[in-house]
Amino acid sequence: MGNVRSLRSQAAIDAPVLIRVSPRARRVGLRIDSAERKVEVILPRGVAVKTGLRFLEAKRDWVAARLEALPQPVPFVEGALVPVLGVVHRIRRETDPAAPPVRIVDGEIRVRSDPVHLARRVRDHLARTARAEIDPRARRLAAHVGREVAQVNVRDTKSRWGSCSGQGNLSFSWRLIFAPRARARLRCRA
């Protein structure tokens, strides 16, 4: 994977900067890690860190624009507003001991939990909801275009919404549950 160094940039970028040496890199590159909100400078072997930092300085406006465009993270805490399939729901602690651990009802995500475990319960519930929503959709759409799906996985990916393999395995980010439900019908040209 190469050497990794973490530092605060002198390039006036309001984000942590990681320097990574990659044996596969052929030129200096930049990557914005949207999940961690940090900047990664990728260097080929033998290229000085100083060269990478000069490149970062030259691309400061580009990096700042990308960081500014990132959505603000929404903490899963009581009172937070969270979109589920594009519909905003408020997280609320449930006090009824007979209620299910998590349920989505009346514009709320109701969580029966100690506040310490609330975020984890919401995340796990949203991941299960994403799996239940995505699997049948993927299979239905694949059948519509004459393809078979071997397996549908829903994971906690950091940099991709989804991917597929030649063997028919599909993988999606559980965070797709935040996207609006599609309103358009699928149309294929014959």
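Per-residue ellipticity at 222 nm computed for the chain from its helices equals -9000 deg cm²/dmol, with DSSP H segments shorter than 4 residues left out and the rest contributing -39,500 (n - 2.57). Based on protein heavy atoms only, the chain ends up with 68 Å² per residue of surface accessible to a 1.4 Å probe.
Taking amide hydrogens as placed 1.01 Å from N in the peptide plane, the amide H of residue 173 sits under 5 Å from those of 155, 162, each at least 5 positions away in sequence or on another chain. Leaving out ligands, DNA and RNA, what percent of the accessible area of the chain is carbon and sulfur, probe 1.4 Å? With neighbouring chains kept in place, the figure for the chain is 50 percent.
The values are calculated or read from the model by the stated rules, or taken from the named source; none is laboratory data. Everything numeric in this text was worked out from a predicted model, so none of it was measured. Keep in mind that these areas ignore ligands, DNA and RNA; they rest on the heavy atoms of the full protein, side chains included. Shrake-Rupley method; radii C 1.70, N 1.55, O 1.52, S 1.80 Å.
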